[in-house]
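Have a look at the structure below before the remarks.
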Amino acid sequence: MKIAVVGTGYVGLVTGTCFAETGNEVTCIDIDAAKVAKMKLGQVPIYEPDLENLFKENIQSKRLNFTTSLRDGISDAAVIFLALPTPAGEDGSADLSYILGVADGLGPLLEQYTVVIDKSTVPVGTAERVKKHIAKTAKVDFDVVSNPEFLREGFAVTDFLKPDRIVIGSGSRKAQKIVENLYAPFVRQGNPIFFMDERSAEMTKYAANSFLATKISFMNEIANLCELVGANADSVRLGIGADDRIGKRFLFPGIGYGGSCFPKDVMALSKIAHENNYDFKIIEAVNDVNNRQKLVLVNKINKYYGNNVKGKVFALWGLAFKPDTDDIREAAALEIVKKLTDLGARIVAYDPKAISNAKAKLSKLKGISFANDEYSALQNADALIIATEWSTFRAPDFMRMAKMLKEKVIFDGRNLYSLDEMKQENFYYSSIGRQVVDHD
């Protein structure tokens, strides 16, 4: 099948590459000419495990192509995916200008029946709006389908190739069959395809992400309470996670969620509720808890230094919002950096993949510099802050760390080390939802 994918971010590029991997002829379309030129040369513009090899193989096989021309890109395509950004506005609503702008451009370019698929996360009712925008100038029949993605950054390729479910929102049996056939290679083991109306499909994505965000915020509240009562949040996590009604995932206490999905989708769902005069109290609380949790380490640091961090130097391990990605959007690390530098501290940061993105984001911020590896970040630092749970940080050389730090102090926002280990190494160790380990 000939497929066009409009937008080459995390979702669009993974979608296009994985469909090419199953034998389809895919053209990815992006307005960024420099980005398109690099992709034609086999350069992947994002870091995502397992993507680069598939990307290069399908370019070489001529199943994966790139263009800046919407007309050329959708020529003869049976299916067009819209994988465009829907950034949150100041009021929390999703900005649909990119999607509706492309929809306006598609109308006069369609030459035969085409299935247009909303792959982006969009508010309820967007499929209907996209259909109206295309219909204004279209001269052929078409259908608009809602097909939300459930890709985790760091696992996006695996999630696409082996999905736990596919959601297809459409009232058109013809469109349903085309999309079902398209996904057939990925669900051969029997994972379900759910057919529903467009509005339900759109709501499913918001409901899924907001529920997971709720789970994270709830666990972080439990962790904060554990510290006050002398309990251990890691033990509590294991105790409740063994209940299959609750499940083990998304129960790790930390410094809040980030990324391109959870913060935006929680805000968007809240906005949808407000627009329909519904007071969605849980979602409001989830967002408030997460915003507060991002600064919980800063509060611990301030307390340790008597509310005076001016002139202190902190090594920071981790800038991405989670490991195995270079995405820094809504990352807790950014909030920590901004707050501590505002208070007069200096930050020396390291991340295995996200440094270039962080430099672009924080280039105008005074008080931050970047190290080439995790150990050089420690040189003469007053303390270490851990903000992302990269695997390379899990088993460091503590003796080496002790020699490089001015004082053996760690503020860990991801609970990477056991309390017994920190006692043995004689570090001051402050983590999330556990008692502080003091040094001699």
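With respect to the conditions (1) more than 17 Å from the chain's Cα centre (by Cα); (2) surrounded by fewer than 18 Cβ atoms within 10 Å (Cβ to Cβ), Val348 falls short on a single one, namely (2).
From the list Glu202, Glu198, exactly one residue is more than 19 Å from the chain's Cα centre (by Cα), surrounded by 19 or more Cβ atoms within 10 Å (Cβ to Cβ), farther than 14 Å from Val289 by Cβ and not β-branched (Val, Ile, Thr). Which is it? Lay out the reasoning, then the answer.
Numbers: Glu202 fails: more than 19 Å from the chain's Cα centre (by Cα).
After ruling out the rest, the residue left standing is Glu198.
Whether a residue is closer than 22 Å to Ile74 by Cβ and crowded, with 17+ Cβ neighbours inside 10 Å was assessed, and Asn147 passes this test. Before we move on, is Thr388 more than 19 Å from Leu334 (Cα to Cα), touching a Pro at 6+ places or on another chain (Cβ under 7 Å) and hydroxyl-bearing (Ser, Thr, Tyr)? Here the answer is no, as Thr388 does not meet what is asked. Looking across the stretch 47-65, just one residue is among the aromatic types (Phe, Trp, Tyr) and surrounded by fewer than 22 Cβ atoms within 10 Å (Cβ to Cβ), and that is Tyr47. The test for being crowded, with 24+ Cβ neighbours inside 10 Å and among the hydroxyl-bearing types (Ser, Thr, Tyr) does not hold for Thr22.
The listed residues are Asn308, Asn302, and the only one of them that is assigned by TED's automatic domain parsing to the domain that holds Ala354, farther than 24 Å from Leu416 by Cα, more than 25 Å from the chain's Cα centre (by Cα) and surrounded by fewer than 22 Cβ atoms within 10 Å (Cβ to Cβ) turns out to be Asn308. Among the residues of the stretch 297-322, write down those that are out of contact with any Ser or Thr (no Cβ under 6 Å at 6 or more places or on another chain) and either among the acidic types (Asp, Glu) or assigned to a loop (DSSP other than H, G, I, E, B) (or both). Result: Tyr305, Gly306, Asn307, Asn308, Val309, Lys310, Gly311, Lys312, Leu319, Phe321, Lys322. The residues on offer are Leu405, Leu378, Leu384, and the sole one that is touching a residue at least 24 places away in the same chain (Cβ under 8 Å), assigned by TED's automatic domain parsing to the domain that holds Ala349, more than 31 Å from the chain's Cα centre (by Cα) and closer than 26 Å to Phe252 by Cβ is Leu405.
The values are calculated or read from the model by the stated rules, or taken from the named source; none is laboratory data. Computed from a predicted structure; not experimentally measured. Here the Cβ is made from the backbone with ideal geometry for all residues, glycine too, and neighbour counts use every protein chain on show.
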